[in-house]
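K.L.:
The structure that follows is given in the form of structure tokens.
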Amino acid sequence: MNEPTETVINYHKRTKHRLERYAKGPEVIDWEDQPEPFRRFSGCGIIRLPMPGAELEPLFADLDNPEIILAKPLNIATTGLLLELAFGLSAWKQFGPSRWALRCNPSSGNLHPTEAYLINTDTTLLEPGVYHYVSHDHSLEQRCQFPHKYTDPGILIGLSSIHWREAWKYGERAYRYCQHDLGHALGALRYAAATLGWSVELLAECSDNDTANLLGLNRSGDFQALEHESPDIICRIKTHADSRSLDTRELLESAQAGSWSGKADILRAYHLYKWVIIDGVSNAATKPRTEEPNWQADQRQTVKSTCLKTATTIIRQRRSAQQFNGKMSPITITDFYRMLVAVLPVSKLPFDMWRWPPKIHLFIFVHRVEGLTPGLYALPRSNDALEQLQAATLADFDWHKVSDSVPLYHLYSGDCKQIAKTLSCHQPIASDSAFSLAMVAEFNSAIEAAPWLYRRLFWECGLIGQVLYLEAEAAGIRGTGIGCYFDDSVHEILGIRDGKFQSLYHFTVGEPLEDKRLETLPAYGHLPDYY
Ligand SMILES: Cc1cc2nc3c(=O)[nH]c(=O)nc-3n(C[C@H](O)[C@H](O)[C@H](O)COP(=O)(O)O)c2cc1C
């Protein structure tokens with residue numbers, strides 16, 4: 001095993017939560033000294049985007065057939081909407097003197113390590129260059145002005161992560177959460193683009209170094225050393241069917257020759273803990289330039305959505321449930337199957353942009369689903385994985401196929417509420433729901449092929465999580481991502497004995513209970529000029 005692979009595997013093992021001890025995190029959290037939740041660059045030109053909050057006509061159900069959605073023209077209003085619906089604010093919550101913002105994309109601990117950049121080559125939109133999106137202000141900070149005009153006008157979105165922002169609260173395990181959040185952000189971007197009639201292409205060939213150069217993240221003098229941003233991915237936004245491929249080499253030359261401005265404001269004055277293991281795994285999982293496939297899943301019949309709300313409404317109302325009604329009536333089998341089919345790698349959004357065969361499979365604790373015996377079920381997301389999962393898990397599982405339309409397999413009947421709760425760090429959200437689940441990755445084969453694939457496994461989990469969040473809202477219920485679970489206890493319950501498969505994320509869906517003590521305020525009410 002080469003050194004980077006070993007570093008990644010050791011990081012993964014070391015950051016497992018165990019029933020007898022949690023992964024290493026800060027011993028004390030100084031809530032008064034939280035990192036600033038919004039990154040800003042001082043010394044840049046600022047472009048205020050048009051008023052957020054516009055409704056678009058497409059229904060959430062229309063996203064099943066994105067080809068029927070008429071593509072909106074690319075202009076400053078639609079670019080603003082893309083950014084808002086993917087990464088913008090969705091509400092503020094207030095409890096006593098505390099006030100915090102929620103965004104369209106979720107984030108572990110609401111810490112939001114993901115930063116978004118717009119790269120523009122269309123002179124009719126904005127001066128060609130690189131812009132940082134400030135979700136709080138719904139504005140763009142111009143970091144780079146490109147020196148020349150482009151023959152291929154268009155926009156791209158670049159994503160990066162400030163690992164330290166997440167590590168402030170979660171310590172060593174935080175690197176995993178940054179990757180989950182990135183997957184959620186990709187999903188949020190794909191749904192936002194689809195409501196505008198646009199699609200997304202992941203420029204996955206780029207090396208991290210190219211991405212960093214393009215986004216200005218290698219300009220070390222512009223960042224506090226401990227608050228640097230790690231490059232993640234560049235996404236091309238296809239605003240019309242015949243939009244041509246942008247040459248990333250040309251963009252890189254522009255970024256190199258461009259005129260850069262701004263320095264990142266300090267997020268926090270004092271860094272009590274330093275999580276060197278995160279820098280270690282981040283270095284080991286650095287991606288070089290690669291050839292990437294364009295794998296496409298087969299078509300599959302979706303289960304028709306009964307949701308009559310617009311896509312923009314569903315995107316903006318998405319929240320994590322903090323509590324579920326443990327006495328809820330079961331959800332319908334149709335709603336359950338709709339959610340399961342939506343996470344299969346069919347050539348439907350958001351998986352139409354995912355260029356690789358699925359590596360993540362679901363083990364589902366069914367608690368309250370009409371017509372299904374409570375118990376443990378499996379949803380292999382590829383036919384190839386079925387036999388391998390059968391071989392890797394408990395021999396007692398019966399692997400009885402439940403339905404002709406969904407690859408759902410019954411493994412074991414019984415009340416799994418207590419098990420699900422215990423496995424998810426004793427959180428009642430895993431047991432009071434309709435169902436909760438573990439996302440199990442084809443682990444060793446991926447990491448041994450390339451250590452940076454570690455990140456992509458979590459991104460795939462985040463993407464699945466984003467589908468579940470939105471589908472749950474559309475079904476009139478709610479979901480919550482669960483990053484806190486006892487890794488090897490999950491493996492033990494499933495019978496998984498080695499690193500071939502590993503559980504990388506949990507999720508739960510049910511009927512939410514509102515916390516009436518919390519006041520909800522409008523997303524952009526703090527920007528009075530908008531209202
Ligand atoms: C990767 C990830 C892990 C999460 N883990 C948990 C968890 O273990 N328990 C929990 O109650 N919420 C969890 N959440 C939900 C977040 O706390 C929530 O997204 C955040 O507070 C923002 O709220 P919102 O989703 O309503 O916008 C997780 C979310 C994500 C994206």
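K.L.:
What pairs in LYS13/LYS421; LYS327/LYS421; LYS16/LYS169 have C-alpha atoms more than 20 Å from each other?
P.N.:
As for pairs spanning more than 20 Å Cα to Cα, those are LYS13/LYS421.
K.L.:
Please work out the Cα center distance from the range 230-285 to the range 20-56, rounded to the nearest Å.
P.N.:
Distance between centres, Cα-based: 17 Å.
K.L.:
Averaged over every viewing direction, what's the projected area of the C-alpha convex hull for the chain? Give it in nm², one decimal, please.
P.N.:
23.2 nm²
K.L.:
Any of LYS359/LYS417; LYS309/LYS348; LYS149/LYS238; LYS359/LYS401; LYS417/LYS516; LYS304/LYS516 with alpha carbons more than 24 Å apart? Name them for me.
P.N.:
LYS359/LYS417; LYS417/LYS516; LYS304/LYS516, as the Cα separations exceed 24 Å there.
K.L.:
Right, next: Cα-based Rg (one decimal) and Dmax (whole number) for the range 181-225, in Å?
P.N.:
Rg and Dmax of the range 181-225, Cα atoms, are 13.9, 40 Å.
K.L.:
Ok, one more. More than 22 Å apart: what percent of Cα pairs in the range 213-358 qualify?
P.N.:
Counting pairs separated by more than 22 Å, the tail of P(r) holds 67 percent.
K.L.:
Based on a Kirkwood Rh over C-alpha pairs, give the Stokes-Einstein translational diffusion coefficient of the range 115-194 at 37 °C and viscosity 0.692 mPa s in µm²/s.
P.N.:
Result for D is 230 µm²/s.
K.L.:
About its Cα centre, what dipole magnitude does the chain give when the only charges are +1 on Lys and Arg Cβ and -1 on Asp and Glu Cβ, stated in debye to the nearest 20?
P.N.:
760 debye
K.L.:
Something else: Could you give me the percent of Cα pairs per 5 Å distance bin for the range 311-510, shortest bin first, beginning at zero and ending with the bin that holds the maximum distance?
P.N.:
Pairs per bin, as whole percents: 1, 8, 17, 21, 23, 17, 9, 3, 1, 0.
K.L.:
If you consider only alpha-carbon coordinates, what radius of gyration and Dmax does the range 70-284 have, in Å?
P.N.:
17.1, 54
K.L.:
Could you tell me the largest-minus-smallest coordinate of the C-alpha atoms of the range 70-144 on each of the three principal axes, in descending order and whole angstroms?
P.N.:
46, 32, 20
K.L.:
Dividing the alpha-carbon radius of gyration of the range 1-98 by 2.2 N^0.38 Å (N being the number of residues), what value is obtained?
P.N.:
This ratio for the range 1-98 stands at 1.76.
K.L.:
If I fit a long axis through the Cα atoms of helix 453-474 and take the longest principal axis of the Cα atoms of the chain, what angle between them do I get, 0 to 90°, rounded to 10?
P.N.:
That works out to roughly 80 degrees.
K.L.:
Right, next: Determine the percent antiparallel among the DSSP beta bridges restricted to the chain, to the nearest 5.
P.N.:
In the chain, approximately 95 percent of DSSP beta bridges are antiparallel ones.
K.L.:
Related question: How tilted is helix 3-14 with respect to the longest principal axis of the chain? Cα atoms for both, answer in degrees (0 to 90, nearest 10).
P.N.:
60 degrees
Values in this text are rule-based calculations from the coordinates and carry no lab data. Remember, predicted model here, so these are calculated numbers, not experimental data. Cβ: placed from backbone, ideal geometry, glycine included. Neighbour counts: every protein chain shown.
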